[in-house]
Amino acid sequence: MRVLVQIGLLLILALQEGQPPTISVSRKAQTQVDSRGIALAPPIRCDERNNIFVRVYPSGAYGPMPITRISSDGKTVTNLDLSSVPDLPERSSIRDFVVNPDGEVFVLVQGVRANVIVEFRSNGQFVRKTTIEKIGVTKFAVFGNGDFLVLGIERPTNEKPHASQPFNALYSSGGKFLKSIRFEDDDKIQKQAETGDSDVSPNGPGTGNRAVSLGWATTAADGNVYAMRFVSPPIIYVVTPAGEVARRFTVGEGNQIPLGFQVAQGRLLMLLAIKDAQKLSAEAVIANTETGDVIAKYRVPEHFGAALACYDGTQALWLGGNIQGKMGILAAEMR
């Protein structure tokens, strides 16, 4: 019996050694944002001072919500809305936004017949707006030279009533179309959407293409944009300021759904939900941005309740949880 117990303990230890470590929170800060009855709408962005930018939706709220900026210590909360922007498109709404290292905010505003990118200074002052003459833009990113990478889905036409072809294009800082960009998996993704593949078009053929609409794009310190397709496993395309795809790699495994990522110091940190009918679980994966090779994995604790907000290559900030009824900022070393 003693031998069997010892063998059992050895097996348990061996299994534990093979598992990734659990995220360990080293610091917590309380924000001024209520944690009850709210939802965080992606994306979540950061500037170089670790100010966090996100849209917070109170329960039962309807209509456009402002972008909320939360200081890294959680003590300062300010809102950025579109009320100061003149002549926006009819029935406009915020589709996406990005933040540069200095804290300047670029907002993709979608209207009925036009898309506009609105620029704000770090103090919230309106700077300018740029019209993108393309319908169906869902995501975008800003290169260091001011040019835009725009991502979206072609709108249906009489010839193609169920069009779901992804498009990717480079536009100048003034809104001029410069070139189309091809992602090698887009033909396959289009076919999945048109045939009603549940991973891409869960509501049936021709009802959308969430591989594109739920994607993500961010500009890294190396000057390139990292654009993600929302598939399993997630696909990352690294796009240069010249509009060339420098490389492609996948992160995670085939049973995982991406929940956001950040890039810093040659590392990409991605939060992944694990598709499991028995329970909801998640893990964080750090990958090499040159090869896509996994550097480290971390298990996300149960009831963690926080979303990935910032990453500097060694430490991640997470937004969420509940600290005395307020949302928290949680810091964790992740190398």
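The values are calculated or read from the model by the stated rules, or taken from the named source; none is laboratory data. In this text the structure is predicted, and so the values were computed from the model without any measurement. Please note: Cβ atoms are built from the backbone with ideal geometry, for glycine as well, and neighbour counts cover all protein chains shown.
Quick notes on this one:
- Output for the stretch 270-327, where each listed residue is in contact with a Ser or Thr (Cβ under 8 Å, 6 or more places away or on another chain), over 26 Å from V77 (Cβ atoms) and among the β-branched types (V, I, T): I274
- Of the strands (runs of 3 or more DSSP E) lying entirely inside the stretch 131-217, those containing at least 1 residues that are touching a strand residue (DSSP E or B) at 6+ places or on another chain (Cβ under 8 Å), among the charged types (D, E, K, R) and closer than 26 Å to V238 by Cβ span 137-142, 177-180.
- Scoring W216 on the criteria (1) without any contact (Cβ under 8 Å) to a residue 60 or more places away in the chain; (2) under 19 Å from Q165 (Cα atoms) leaves a single failure, condition (1).
- Considering only residues in the stretch 102-121 that are surrounded by fewer than 19 Cβ atoms within 10 Å (Cβ to Cβ) and modelled with pLDDT under 90, the one that is farthest from S173 (Cα to Cα) turns out to be V112.
- Check on L108, farther than 23 Å from L308 by Cβ and touching a residue at least 12 places away in the same chain (Cβ under 8 Å): no
- The single condition among (1) in a strand (DSSP E or B); (2) touching a residue at least 40 places away in the same chain (Cβ under 8 Å); (3) in contact with a Phe, Trp or Tyr (Cβ under 8 Å, 6 or more places away or on another chain); (4) within 19 Å of I236 (Cα to Cα) that K297 does not satisfy is (3).
Residue-wise test of (1) among the acidic types (D, E); (2) more than 13 Å from T291 (Cα to Cα); (3) not in a loop (DSSP other than H, G, I, E, B).
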residue	(1), (2), (3)
G223	no, yes, no
M228	no, yes, yes
S232	no, yes, no
Y237	no, no, yes
R247	no, no, yes
E253	yes, yes, no
P258	no, yes, yes
L268	no, no, yes
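- The set of residues in the stretch 306-322 being surrounded by fewer than 16 Cβ atoms within 10 Å (Cβ to Cβ) and either among the hydrophobic types (A, V, I, L, M, F, W, C) or not in a strand (DSSP E or B) (or both) consists of T314 alone.
- Every condition in (1) assigned to a loop (DSSP other than H, G, I, E, B); (2) buried (at least 22 other Cβ atoms within 10 Å of the Cβ) holds for A242 except the one numbered (2).
- Residue satisfying all of: in the stretch 89-101; surrounded by fewer than 16 Cβ atoms within 10 Å (Cβ to Cβ) and of a type outside the set (S, T, Y); nearest to S122 (Cα to Cα) among these: P101
- Hey, S172 of a type in the set (S, T, N, Q), surrounded by fewer than 20 Cβ atoms within 10 Å (Cβ to Cβ) and free of Cβ contacts under 8 Å to residues at least 12 places away in the same chain or not: no
- Residues of the stretch 77-125 that are charged (D, E, K, R), assigned to a loop (DSSP other than H, G, I, E, B) and closer than 25 Å to A227 by Cβ: D102, E104.
- Tally of residues being over 18 Å from the mean Cα position of the chain (by Cα) and of a type in the set (A, V, I, L, M) across the stretch 172-225: 4
- Summed over the stretch 138-153, the residues that are in contact with a Gly (Cβ under 6 Å, 6 or more places away or on another chain) and either over 16 Å from T218 (Cβ atoms) or buried (at least 19 other Cβ atoms within 10 Å of the Cβ) (or both) give a count of 4.
- Verdict on E48 being out of contact with any Cys (no Cβ under 6 Å at 6 or more places or on another chain) and at pLDDT 80 or above: yes
- Selection status of Q315, polar (S, T, N, Q) and on the phi < 0 side of the Ramachandran plot: yes
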